[in-house]
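Here is the structure we will look at.
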Amino acid sequence: MSARQLNLFATRSPLFGLHVKVQTAKHCCYDIAVVWDGSGPHYGELRCRDCDAHRGWLSRSTATWLESIINKFGAPGEPIVIRRLPQ
Ligand SMILES: [Zn+2]
């Protein structure tokens with residue numbers, strides 16, 4: 001196994017695959033996005049659940065906040081609402 005593969009496993013987050021509600025000025029379908037693995041400096045990427053359009057990036061600080069909520073309250077029954085995102 002290469003170092004790159006090992007690194008991918010090390011950075012895998014339980015947030016990937018989570019559905020979140022995106023409340024920003026720009027709307028898309030039902031405003032539900034799926035958290036995907038990010039690229040470059042971005043921890044995660046939000047893509048529209050229904051049409052796969054890019055909805056924004058998930059910073060490490062926002063990801064840490066989401067993980068703390070899930071660790072405290074368990075996986076949400078309703079999508080967590082995110083209001084501010086770097087585009
Ligand atoms: Zn959409």
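The values are calculated or read from the model by the stated rules, or taken from the named source; none is laboratory data. Treat the numbers as computed from the prediction; the structure is a model and nothing was measured. Note that we place each Cβ from the backbone using ideal geometry, even for glycine, and neighbour counts take in every protein chain shown.
Scanning segment 44-56 turns up no residue that is surrounded by 13 or more Cβ atoms within 10 Å (Cβ to Cβ), within 16 Å of the ligand (Cβ to nearest atom), at pLDDT below 90 and under 17 Å from K21 (Cβ atoms). Picking from residues in segment 46-85 that are of a type in the set (V, I, T) and part of a strand (DSSP E or B), the one that is farthest from H27 (Cα to Cα) is I80.
Could you list, in sequence order, the residues of segment 11-32 that are within 8 Å of the chain's Cα centre (by Cα) and either free of Cβ contacts under 8 Å to residues at least 60 places away in the same chain or more than 14 Å from the ligand (Cβ to nearest atom) (or both)? Once the filter is applied, which keeps residues that are within 8 Å of the chain's Cα centre (by Cα) and either free of Cβ contacts under 8 Å to residues at least 60 places away in the same chain or more than 14 Å from the ligand (Cβ to nearest atom) (or both), segment 11-32 yields L15, F16, G17, L18.
Take S68 and decide whether it is over 11 Å from the mean Cα position of the chain (by Cα) and of a type outside the set (D, E). Steps first, please.
Working: over 11 Å from the mean Cα position of the chain (by Cα): yes; of a type outside the set (D, E): yes.
Yes, satisfied.
Residues in segment 22-35 that are closer than 15 Å to T62 by Cα and surrounded by fewer than 16 Cβ atoms within 10 Å (Cβ to Cβ): Q23 only.
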